[in-house]
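Presented below is the structure to which this report refers.
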Amino acid sequence: MESVYSKKVRAGKRRTYFFDVRRTKGDDFYLTLTESTRKFNGEGYERHKIFLYKEDFNRFMEGLREVVDHVKPD
């Protein structure tokens, strides 16, 4: 799938997040969220990926905002 836009966010010494907007063959967009963590033994990385489709953006953002507000101090 075609990559349209990417954003890299470093989170500490071992963890990096990647936000990638991609285009499907049907000319639609979706988002991939990837967490990349350096292994403790220093040999490579572990990656975890979430695919988020346009129809779920609002519900995802609402849920994310709610849990961040619950955890984040005022």
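The values are calculated or read from the model by the stated rules, or taken from the named source; none is laboratory data. What you see is a predicted model; the values in this text were computed from it and never measured. As a convention, Cβ positions derive from the backbone with ideal geometry for all residues, glycine included, and neighbour counts pool all protein chains shown.
Working only within the stretch 39-62, note down all residues that are at pLDDT below 90 and basic (K, R).
Once the filter is applied, which keeps residues that are at pLDDT below 90 and basic (K, R), the stretch 39-62 yields only K39.
Out of (1) in contact with a helix residue (DSSP H, G or I) (Cβ under 7 Å, 6 or more places away or on another chain); (2) among the aromatic types (F, W, Y); (3) surrounded by fewer than 11 Cβ atoms within 10 Å (Cβ to Cβ), the odd one out for Y30 is which?
(3)
Of the conditions (1) in a strand (DSSP E or B); (2) surrounded by fewer than 12 Cβ atoms within 10 Å (Cβ to Cβ), D20 clears all except one; give me its number.
(2)
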